[in-house]
Amino acid sequence: MKPLPFPFPLNIGTDIVHIPRITRLLARPNYLGRFTRRILCHTEQSDFYTRFSDSLEAQKAAHQQPPPVPADVTRWLAGRFAAKEAARKAAPEGAASIGWKDVIVRVQEDGGAFGVGVSRRPEIVYLPRGDGDEGRVAKLSISHDGEYVVATVLAAG
């Protein structure tokens, strides 16, 4: 008997990141800027520096040598890295077809359940690539636990 194909054109990608690995990378002199330029598009870089400018400035002021990157910054970047890598794996043409800057991690805010509170739901936006492509939105699940971050992306094929 021939197996039946999955009935929906869906792609899934998962990635796990060990946060101490990102900590070691960011401990290199002047590597924070290089890392953020490599994985974050221009809009995300602006958001990153707006979000963490106080934390980064306070850390610089407390040290004479190049300061260690604050843990909250490292954790956030590890999450973005995992999410973008999972998104690349879930891309219809596969991971090799797109780069980290071809996807954006976006956090949508809605009214929450029954209008109570605010739900912050992350999602992936595949940026338009020309030829009439309008871009796509995919579902993102991301979880932090101890020294690990795991992200899963579900995208239409």
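Details
- If you go through the range 76-129 and keep only what is more than 11 Å from the chain's Cα centre (by Cα) and at pLDDT 90 or above, you end up with 89, 90, 91, 98, 99, 102, 126, 127.
- Look at the range 12-38: where a residue is at positive phi and a partner is surrounded by 12 or more Cβ atoms within 10 Å (Cβ to Cβ), sitting 6+ places away or on another chain with Cβ atoms under 8 Å, you get 30/66.
- Within the range 29-54, if we keep just the residues that are among the basic types (Lys, Arg) and in contact with a Phe, Trp or Tyr (Cβ under 9 Å, 6 or more places away or on another chain), the residue that is farthest from residue 85 (Cα to Cα) turns out to be 51.
- Among the residues of the range 52-73, those that are in a helix (DSSP H, G or I) and either modelled with pLDDT under 90 or touching a Pro at 6+ places or on another chain (Cβ under 8 Å) (or both) comprise 52, 53, 54, 55, 56, 57, 58, 59, 60, 61.
- Filter result for residue 84 (touching a Phe, Trp or Tyr at 6+ places or on another chain (Cβ under 6 Å) and either assigned to a loop (DSSP other than H, G, I, E, B) or surrounded by 15 or more Cβ atoms within 10 Å (Cβ to Cβ) (or both)): yes
- Test: residue in the range 27-46 that is of a type in the set (Lys, Arg), at pLDDT 90 or above and under 16 Å from residue 149 (Cα atoms): no
- Test: residue 6 is assigned to a loop (DSSP other than H, G, I, E, B) and not polar (S, T, N, Q): yes
- Residues (assigned to a strand (DSSP E or B) and charged (D, E, K, R)) located in the range 9-51: 15
- Residue ID - nearest to residue 21 (Cα to Cα), chosen from residues in the range 138-157 that are surrounded by fewer than 20 Cβ atoms within 10 Å (Cβ to Cβ) and touching a Lys or Arg at 6+ places or on another chain (Cβ under 8 Å): 144
The values are calculated or read from the model by the stated rules, or taken from the named source; none is laboratory data. Quick caveat, the model's predicted, so the values are computed rather than measured. Positions of Cβ are backbone-derived with ideal geometry, glycine not excepted, and every protein chain shown enters the neighbour counts.
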